[in-house]
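Working notes for the structure below.
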Amino acid sequence: MGFLDNLFGKQMKEEETVTNEKVNIGIILGSTRQGRVSPQVGEWVKGIADKRTDANYEIVDIADFNLPFLGTTDGSEPGIAAWNGKLAELDGFVFIVQEYNHSITGALKNALDFAREAWNNKAAGIVSYGSTGGARAAEHLRGICGELKIADVRTHPTLSLFTDFVNGSEFKPQDLHLDNVNAMLGEVEQWSKALKTIR
């Protein structure tokens with residue numbers, strides 16, 4: 001009985017250590033086009049996130065990795081390994097998603113497809129924008145997340161091109177989004193910690 005008590009106690013302490021550690025969450029900019037506004041949105045989310053205490057947040061810009069189109073090269077480009085290495089360091093994600101033709105950008109889909117295990121059993125939140133708040137793009141992304149074994153959280157801040165941007169280029173979010181962003185971040189942090197215990 002003493003052996004089982006010791007074993008159970010050790011397991012409980014290990015689980016407590018994992019769940020008390022800060023998780024690392026990447027804020028992934030989902031666009032690479034010239035004149036994009038995703039860096040403004042990403043920095044805004046990071047500014048909110050940095051006031052929290054349960055996770056470390058960083059901006060992860062797909063454009064920095066110079067990923068080729070999947071299947072068009074031999075896969076030896078250094079950006080591919082660097083992309084997978086960065087994702088492997090992270091416990092969760094916040095995707096900054098723009099709606100292009102009712103879906104996500106080609107750059108984001110390509111980046112999602114360039115990794116597999118590095119996505120698995122991690123959590124993600126979505127912040128989207130577009131003429132309808134980017135809702136259709138976010139729904140497409142949720143389907144992809146399911147295939148990659150990414151657990152996407154329910155709370156979903158949606159930003160409108162008409163009320164949260166000036167001339168479609170200067171990001172000026174309404175204050176009403178703050179509660180939604182914080183709720184989403186809280187869910188991502190909790191799920192990221194929980195999923196870390198099964199990886």
The stretch 137-171: trypsin sites (Lys or Arg not before Pro) in DSSP loop, at most 16 other beta carbons within 10 Å: Lys149, Arg154
1.4 Å probe accessible area per residue over the stretch 17-152, in Å²: 43
Surface share of carbon and sulfur [accessible, 1.4 angstrom probe, percent] for the stretch 6-156: 50
Under the Debye formula (equal points on every Cα, no solvent term), log10 I(q)/I(0) of the stretch 72-136 at q = 0.27 Å⁻¹: -1.17
DSSP H segments from the chain that extend 24 Å or more along their own axis, Cα-based, with Kyte-Doolittle mean of -0.5 or above: 177-196
Inverse of mean 1/r across different Cα pairs in the chain, Kirkwood, Å: 17.6
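The values are calculated or read from the model by the stated rules, or taken from the named source; none is laboratory data. Just so it is clear, the structure is predicted and the values come from calculations on it, not from any experiment. Every residue, glycine among them, receives a Cβ derived from its backbone with ideal geometry; neighbour counts consider all protein chains shown. To get the accessible areas, we keep the full protein, side chains included, count just its heavy atoms, and leave off ligands, DNA and RNA. Shrake-Rupley method; radii C 1.70, N 1.55, O 1.52, S 1.80 Å.
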